[in-house]
Amino acid sequence: MNQPPNRRILLIDDTPSIHEDFRKILTPVQEQTPELDDMEMALFGDAVKPRAQAFELDSAYGGREGLELIEKAMAQKLPYALAFVDMRMPQGWDGAQTIEELWKVDPQLQVVVCTAYSDYSWEELLFRLQAHDRLLILKKPFDNIEVQQMANTLTAKWEMARRASLQTSQLERLVEQRTQALTQASQALQLEIDERKQLESQLVQSEKLASLGQLAAGVAHEINNPVGFISSNLGTLDSYFKQLQQMLDAYRQAEELIASGESLEQLKTLRTGMDLEFLKEDVPILIRESKEGIGRVVQIVKDLKDFSRVDNDQSWQWANLQQGIDSTLNIVASELKYKADVIKQYQALPEIECLASQINQVVMNLIINAAQAMGPERGTITISNGVEGKNVWLEVADNGCGIAPQSLQKIFDPFFTTKPVGEGTGLGLSLSYGIVKKHHGNISVSSELGKGTIFRVVLPIRQTAV
Ligand SMILES: Nc1ncnc2c1ncn2[C@@H]1O[C@H](COP(=O)(O)OP(=O)(O)O)[C@@H](O)[C@H]1O
Ligand SMILES: [Mg+2]
């Protein structure tokens with residue numbers, strides 16, 4: 001902004017004497033009067049009277065030569081503020097064409113047309129040049145003071161235009177910067193909102209888990225006792241009944257011998273009335289079924305306990321995820337045998353800091369779910385894993401039934417199941433979710449109904465002190 005004012009002027013005229021005239025007017029030789037200057041300094045100090053600033057005048061004797069000078073000036077970033085252009089130049093371009101060409105290269109250039117007579121009417125000329133605000137007309141013969149004042153005011157005008165455009169572009173830049181900052185801020189805000197939403201839903205999920213965990217711990221504890229004695233009583237009952245049966249058989253055989261007449265009849269009616277033969281067969285079946293039922297309750301209580309982490313005396317250790325997967329696969333081999341082929345796509349993994357048996361449990365849940373998702377046709381379960389920065393990831397993909405969109409948000413909810421009673425408790429995934437969160441990891445799912453499902457678990461290699 002603080003450049004010295006631009007006093008550069010170009011004169012384009014084919015008459016050499018005109019150039020001399022202009023030079024005298026615009027660049028007069030300053031008289032050297034050192035004595036006078038000294039006296040002036042002594043009298044007035046530094047506040048010497050201002051001298052008109054000198055112009056820098058360049059000459060061209062034809063339109064093309066003028067254009068070349070303008071081009072050179074532009075290339076050197078030293079533009080002219082003003083050009084005086086003769087209208088009538090019989091050789092080459094006339095004034096109008098010259099001005100057109102000059103403005104193509106330097107649209108900011110102020111121009112004065114100098115003329116005694118013209119081949120155009122003024123209207124024609126102004127219409128042709130379409131730039132009434134940068135063009136003045138100087139009629140020959142001209143007055144010195146006219147030329148001088150035109151030079152003064154037009155160079156000043158050029159200067160003002162330059163400042164204005166600088167300010168405008170600075171303003172534009174500022175607006176641009178502000179807009180950018182605003183856009184960034186709004187993006188950051190959106191990110192924060194998204195993050196918050198995600199955190200909120202995670203919070204809801206873990207709240208649910210926590211409250212359910214407490215409930216489950218209580219219930220499991222309460223149920224454990226009665227389940228314990230029912231189960232042991234059933235065992236005892238079973239063996240008592242076997243003994244009773246032997247006893248009954250013995251009585252049956254002795255029936256004819258010990259009783260006579262009336263009481264024998266009584267015994268027979270009783271026996272057939274209660275269908276003793278059927279009872280003898282059915283009681284063991286009832287006992288067996290009850291034992292199975294109790295077994296199932298025990299399993300549920302165990303799941304609940306795992307879920308509420310009651311028996312949580314595990315310690316953190318460094319373990320190999322692949323070994324975990326393989327041993328889990330061994331355990332569930334019989335479940336998988338008739339349902340699916342397993343494809344392993346392993347990459348070398350570092351050991352991770354984890355509660356190994358809990359991680360195994362996650363893997364087991366995912367694999368069993370995948371197997372249970374298969375229809376009558378044999379399917380494929382693909383287990384893959386890898387490293388990603390400071391995490392390892394594990395994916396269990398199946399080509400089973402897939403998950404309906406409306407179920408997708410609920411699958412991690414405790415007790416959400418689409419499986420028949422006895423097959424699903426709806427605890428597997430919520431349990432897994434809790435375990436993965438405890439490891440500061442993440443579990444996610446993508447699924448297409450009828451095509452299959454992919455579960456992805458991401459676990460940090462190292463548990464930083466959180
Ligand atoms: N691989 C899968 N394919 C299809 N559905 C699945 C899969 N894994 C989980 N689900 C759905 O999520 C529900 C909850 O799973 P989970 O918590 O393990 O409970 P459960 O298996 O006892 O039903 C399942 O009932 C099922 O609807
Ligand atoms: Mg399950």
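At a 1.4 Å probe radius, carbon and sulfur cover how many percent of the accessible area of the range 308-456?
Numbers: 3800 of 7480 Å².
Carbon with sulfur: 51 percent of the solvent-accessible area.
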Checklist line | Flagged links, alpha-carbon separation over 31 Å, of 242/268; 302/451; 291/344 | finding: 302/451; 291/344
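Once you list every other residue whose beta carbon is under 11 Å from the beta carbon of residue 14, what net charge do they have if Lys and Arg are +1 and Asp and Glu are -1?
Working: positive: 88; negative: 13, 65, 86, 94.
Residues close to residue 14 contribute a combined charge of -3.
Let me check against my output: what whole-number percent is the relative contact order of the chain, with C-alpha pairs under 8 Å and at least 6 apart? List each step's numbers first, then the result.
On the way: 560 pairs, mean separation 46.1, N = 466.
Answer for the chain is 10 percent.
Express the accessible area of the range 369-466 per residue in Å², computed with a 1.4 Å probe while the remaining protein chains stay in the model. Kindly include the intermediate steps, with their values, before the conclusion.
On the way: 4700 Å² over 98 residues.
So the range 369-466 comes to 48 Å² accessible per residue, rounded to a whole number.
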Notebook entry, point to check: By a straight-distance test (C-alpha under 23 Å), which lysines pair with residue 104 as possible cross-link partners, with residues fewer than eight away in the same chain excluded?
Noted result: 72, 77, 157
Notebook entry, point to check: Where does the charge balance sit around residue 451 when Lys and Arg score +1, Asp and Glu -1, over other residues with C-beta under 14 Å from its C-beta?
Noted result: -3
Margin query: Net charge within 15 Å of residue 71 by Cβ-Cβ distance, Lys/Arg positive one each and Asp/Glu negative one each, not counting residue 71 itself?
Written below: -1
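Over the range 317-460, what is the relative contact order in whole percent, taking alpha-carbon pairs under 8 Å and six or more residues apart?
Working: 266 pairs, mean separation 34.4, N = 144.
Once normalised by length, the contact order is 24 percent.
A 19 angstrom limit on the alpha carbon distance is what I want to check against. Which of 24/140; 197/437; 390/410 exceed it?
390/410
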Item checked: Dipole of the chain, positive direction: furthest Cα of 148, 254, 372, with charges on the beta-carbon -> 254
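The values are calculated or read from the model by the stated rules, or taken from the named source; none is laboratory data. Predicted model, so just to flag it, every value in this text is computed and none were measured. Every residue, glycine among them, receives a Cβ derived from its backbone with ideal geometry; neighbour counts consider all protein chains shown. Just so you know, the surface numbers come from the protein's heavy atoms only, side chains and all, with ligands and any DNA or RNA stripped out. Shrake-Rupley method; radii C 1.70, N 1.55, O 1.52, S 1.80 Å.
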